[in-house]
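K.L.:
The structure is given below, and queries will be raised subsequently.
Each value in this text was obtained by applying a stated rule to the coordinates, not by laboratory testing. The shown structure was predicted, so the numbers you read here are calculated from the model rather than taken from an experiment. Cβ coordinates were reconstructed from backbone atoms using ideal geometry, including for glycine residues, and neighbour counts include every protein chain displayed.
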Amino acid sequence: MTLDIEVKGLGVSYGREKAVDGVSLKLPGGKIYGLLGRNGSGKTTLLSVLASFREQSEGEVRIGGEAPFENAAIVNQVCFIQENGHIAEGYRVKDAVKLAASCWPNWDEAMAQRLLEHYQLPQKKRIQSLSRGMKSALGVAVGLASRAPITIFDEVYLGMDAPSRYSFYEELLRDYMEHPRTFILSTHLIDEVSNLFEEVIILDQGRLLLQEETESLRQRGVSVTGPAALVDEFAAGLNILGEQRLGGMKSVTVYGELGPERERQAHAQGLELGPVPLQDLFVHLTKKGGGKR
Amino acid sequence: MIGAPQTKKHPAVNVALQLWSTHRWTLLWYWLIFVLAMIVICIFMYSAGPEKIESLDESYWLESGGFSPKIFLLVIGILMTPVSLASFVSNGVTRKHFVAGSTMLMAALALLSSLVFAAGSLLESLVVDWIGFTVKMGHPPFFRVLVEQFFLFAGYSGTGWLIGSAFYRYHWRVGVIISVLSFVPITIMEILADSAGIVKLLELSVTPPAWNFGLSAVLLAVITAALVALNYYMLRKVSIKRKLI
């Protein structure tokens, strides 16, 4: 079972401050989405609404065609895992797993036990005595074993060391291939995870900056490198996200497809065209006073 | 495709069972210590001789033992929302089912506590008769003690729950105001049941209404239900906060 998500004009306010403002998006089920944004861009707030952790101030949310807030048929289909988790610190690891097993309809106990063993989580230890990385690993184990049709990881792997993180990416991909469902990954470690994303959503200052397929987004960014004068002439009128200069050489990051004619022109002028990492595109798109979108 | 969902218990029942599994040992240890302490105190009291006992006109067990379990259940109630709400909602349980499950647990705790309490009172009455003191202490009927104590215990845990929910949902200043107000219903309940507790603690001089037991029991049930309803009202749309405890 996969569930579509539809958000229309979503707004969430904390007092006078708007954390999310007029966000509309459609996320068809059965894909891995990357939710990117700077600190305070509204990512966690948006995800909290999807997971019914809070109710929106305005707008509409539909999951599988139904409003999710306090909807028993939907809330047990959306597993939202945050870095610090929400299980009481006094619980033992085995209690947290037992609680999750009793709640999630598609719970995979074998997978949960395998992941607990894999991440060497001591079942009898209380959560308060686990290291940050172990708490993250527990969140990962619960999130994957929940087999919830919509599984959301919000920066959950930040506390994990690099080998554990890479192992998580592998587990997630393997499980996604075997049991297709929707994953939403919110992260600042874009370079590490970007290969998993099928679609990218970028929020900036509470608003939706873009939602695009990852490949198509990557193709929108081009770096043009060459002698400064030639690069300036070539890039005139293009949407420039950023530029770097070293001596007489210059490199500009251009947002938007160049088209075959421009590409031929660049090659004819001896300019070098290259891909732009997703992280660089993200940085350029979201930096203050960054390029036009 | 994700496999067919496994058959699970109703979410509210599951909440109650999971909470029971968390609290059962605390409850067991509490009652074990309480009963032992009361037995020791009663032995000292009764061994003091008939003069001492005959100066009492009420059950020592009911008069002196009632306050401690109420405070115990009040504390369990206070911790209910801050400790458990986020754990359940983050595992796909609605607030409504959390409230329903918590209510079941509190009803079970109140029932068990009132059973132990009423049984203790009955035992005390039998012991006093058996050792043949001439002046009998006032022992209300077992069923009456059971019903009144059930609602009082449920009322105390409901009051605690209201306090915990208020601090979870609102700013602490509002929490303080609600905490003070939340003792009004339980005070009325104690007056109705003519019970030792907050009325005695505050040294209030109130004459219990001369209603029959049935009417008092109905009123106690209505106030208990109102406490649960108030809790649901506070929690039904509450935002889940970062871990508090």
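K.L.:
In debye, nearest 20: dipole of region A:5-205 around its Cα centre with unit charges on the Cβ of K, R (+) and D, E (-)?
P.N.:
The dipole of region A:5-205 has a size of about 540 debye.
K.L.:
Which distance in nm do the two modelled labels at A:Ala110 and A:Ala73 give, with both placed 7 Å along the Cα-to-Cβ direction?
P.N.:
Distance between the two pseudo-spin positions: 3.1 nm.
K.L.:
Next question, about the same structure. Taking H as built 1.01 Å from N, whose amide H comes closer than 5 Å to the amide H of A:Asn239, not counting residues under 5 places away?
P.N.:
Correct list: A:Tyr255.
K.L.:
Quick check: the distance between the Cα centres of region A:198-232 and region A:31-81, to the nearest angstrom?
P.N.:
Cα centroid of region A:198-232 versus Cα centroid of region A:31-81: 26 Å apart.
K.L.:
Count the DSSP beta bridges whose two residues both fall in the protein assembly as shown, then state the antiparallel fraction as a percent rounded to the nearest 5.
P.N.:
Counting DSSP beta bridges with both partners in the protein assembly as shown, the antiparallel share is about 65 percent.
K.L.:
On a 0 to 90° scale, report how tilted helix A:93-103 is relative to the longest principal axis of chain A, with both axes built from alpha carbons and the result rounded to the nearest 10.
P.N.:
90
K.L.:
Another one. Expressed as an acute angle from 0 to 90° and rounded to the nearest 10, what is the orientation of the C-alpha long axis of helix A:259-268 relative to the principal long axis of chain A?
P.N.:
So the helix axis and the longest Cα principal axis differ by about 50 degrees.
K.L.:
While we're looking at this one, here's another question. What does the charge count around A:Arg92 come to, taking other residues whose C-beta lies under 10 Å from its C-beta (Lys +1, Arg +1, Asp -1, Glu -1)?
P.N.:
With Lys, Arg at +1 and Asp, Glu at -1, the net is +4.
K.L.:
Checking understanding here: applying a Kyte-Doolittle mean of at least 1.6 and a length along the axis of at least 18 Å (C-alpha), which whole DSSP H helices in chain B pass?
P.N.:
Taking the DSSP H segments of chain B (at least 18 Å long, mean hydropathy at least 1.6), we get B:67-79, B:213-235.
K.L.:
Here's a follow-up. If you fit an axis through the alpha-carbon atoms of helix A:162-178 and take the longest principal axis of the Cα set of chain A, what angle between them do you get, 0 to 90°, nearest 10?
P.N.:
In chain A, helix A:162-178 runs at an angle near 80 degrees to the longest axis.
K.L.:
Could you list B:Trp20, B:Trp211 so that the one with the fewest beta carbons within 10 Å of its beta carbon is first and the one with the most is last?
P.N.:
B:Trp211, B:Trp20
K.L.:
Taking each residue in B:92-98, count the Cβ atoms of any other chain within 10 Å of its Cβ, then average. What number comes out?
P.N.:
Partner-chain Cβ atoms within 10 Å, mean over residues of B:92-98: 6.
K.L.:
Please give the average number of partner chain Cβ atoms lying within 10 Å of the Cβ of each residue in A:95-108, rounded to a whole number.
P.N.:
Partner-chain Cβ atoms within 10 Å, mean over residues of A:95-108: 5.
K.L.:
Please identify every one of the GluC sites (Glu not before Pro) in region B:148-223 that sits in a loop by DSSP and has no more than 14 other beta carbons within 10 Å of its own beta carbon.
P.N.:
Those that pass, being in a loop and sparsely packed, are B:Glu203.
K.L.:
Let me ask another. Pick from A:Leu203, A:Leu115, A:Leu246: which residue has the top mean-square fluctuation in a GNM of chain A where Cα pairs under 10 Å get a spring?
P.N.:
A:Leu246
K.L.:
Take peptide A:143-153, look around each residue's Cβ out to 10 angstrom, count Cβ atoms belonging to other protein chains, and average those counts.
P.N.:
1
K.L.:
Sum up the charges of everything whose Cβ sits under 13 Å from the Cβ of A:Gly29, counting Lys and Arg as +1 and Asp and Glu as -1, but leave A:Gly29 out.
P.N.:
Charge balance in the 13 Å sphere: 0.
K.L.:
Could you derive backbone 3J(HN,Hα) for region A:137-146 from the dihedral phi with the Karplus parameters 6.51, -1.76 and 1.60 (θ = phi - 60°), listing whole Hz in sequence and x where the residue is Gly or Pro?
P.N.:
4, 5, x, 4, 4, 5, x, 6, 6, 5
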